[in-house]
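The values are calculated or read from the model by the stated rules, or taken from the named source; none is laboratory data. Source: prediction; values computed, not measured. We place every Cβ from the backbone using ideal geometry, glycine too, and count neighbours over all the protein chains shown.
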Amino acid sequence: MNYQLIENYGLIGNMHTAALVGLHGSVDWLCFPHFDSPSVFCAILDDAQ
């Protein structure tokens, strides 16, 4: 897996949490249900997972 460029991501959020969504619809980073929660999706941190 190759990392996408940062400009290929959009930020979606609701003032409590946020997600980085790639151009192809992949959610590559999300901490849920709050910003300080552990990450649920973290593909941008380690491409081997």
Taking only pairs six or more apart or across chains, which ones have beta-carbon atoms under 6 Å, a first residue in segment 13-32 that is farther than 19 Å from Tyr3 by Cβ and surrounded by fewer than 16 Cβ atoms within 10 Å (Cβ to Cβ), and a second residue that is modelled with pLDDT under 90 and hydrophobic (A, V, I, L, M, F, W, C)?
Phe32/Val40
Pick from segment 33-49, criterion hydrophobic (A, V, I, L, M, F, W, C) and modelled with pLDDT of 85 or more, ranking: surrounded by the fewest Cβ atoms within 10 Å (Cβ to Cβ):
Phe35
